[in-house]
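*Asks:* The structure under discussion is supplied below as structure tokens; questions concerning it will follow.
A short reminder: the numbers here are calculations on the coordinates, not readings from a lab. As the structure is a prediction and not an experimental result, all values here were calculated from the model. Counting neighbours? That spans all protein chains shown, and the Cβs are built from the backbone with ideal geometry, glycine included.
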Amino acid sequence: MKVIASSLRKGNIVELDDKLYVVLNAESFHPGKGTPTTQIDMRRISDGVKVAQRYKTTEQVERAHVEDFEHQFLYQDADGFHFMNTQNYDQVTLQADMVGDQAAYLAPEMKVTLAVYENVPVSIELPQKTVLEVVETEPTIKSQTASSSYKPAVLSNGVRTMVPPFVGPGTKIVVMTADGSYVERFKD
């Protein structure tokens with residue numbers, strides 16, 4: 001299926017020279033003069049080689065037909081990350097390089113979406129937000145103003161992020177899985 005380059009998003013699968021690539025990042029540039037372009041960073045699924053391509057924004061790109069299936073994360077071991085299809089209970093194992101940096105946000109029983117091409121998983125998509133607990137942070141200094149003064153914190157998954165001054169150790173917060181940024185305090 002052909003789509004315009006500017007419509008591609010992270011996680012999409014494209015076919016280029018009879019090989020499949022997963023889109024890691026897609027950014028459109030609109031200069032004051034000249035043709036708008038879209039820069040696409042991709043990883044070849046077969047061997048993991050990263051490629052950067054630049055297209056005119058309206059250029060056609062072949063998007064591979066993949067099916068998305070909901071899976072539940074079970075556990076991680078030396079073989080990789082194990083997931084179970086929620087419809088037919090089939091189990092799938094993904095290698096660490098396919099999961100990448102997102103591995104820190106995987107929690108037991110978390111629902112994820114796996115893109116499958118010809119019965120082979122090619123990419124994983126986590127929920128946009130997840131709840132984590134702050135395990136370590138600096139104490140708040142009284143003279144700090146509330147506006148835009150964030151402090152470093154370590155979350156229960158080991159990831160470092162910046163949180164507002166009122167957040168202390170033991171506080172559950174909502175973070176974005178894409179970059180680990182603070183969204184809000186978790187409400188039970």
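*Asks:* For the chain, take N as its residue count and report Rg(C-alpha) divided by 2.2 N^0.38 Å. All intermediate terms of the calculation are to be shown ahead of the outcome.
*Replies:* On the way: Rg = 19.8 Å, N = 188, 2.2 N^0.38 = 16.1 Å.
Rounded to two decimals, the normalised Rg is 1.23.
*Asks:* Counting helices only, and only those DSSP H runs with n ≥ 4, report the 222 nm mean residue ellipticity of the chain as the sum of -39,500 (n - 2.57) divided by its residues, in deg cm²/dmol to the nearest 500.
*Replies:* -500 deg cm²/dmol
*Asks:* Continuing with this model, one more query. How far apart, in nanometres, would the label points at residue 85 and residue 133 be if each is projected 7 angstrom from Cα along the Cα-to-Cβ direction?
*Replies:* Going from the residue 85 label point to the residue 133 one covers 3.6 nm.
*Asks:* Does the stretch 47-93 come out rounded, prolate or oblate by the C-alpha gyration tensor, with a ≥ b ≥ c the root eigenvalues, rounded set by a/c under 1.5 and, if not, prolate when a/b is larger than b/c and oblate if not?
*Replies:* Verdict is oblate for the stretch 47-93.
*Asks:* Roughly speaking, what is the stretch gain from residue 76 to residue 103, that is 0.36 nm per residue apart minus the C-alpha to C-alpha distance, in nm to one decimal? Intermediate values should be presented prior to the final figure.
*Replies:* On the way: separation 27, 0.36 × 27 = 9.72 nm, distance 0.95 nm.
Between residue 76 and residue 103, full extension yields 8.8 nm more.
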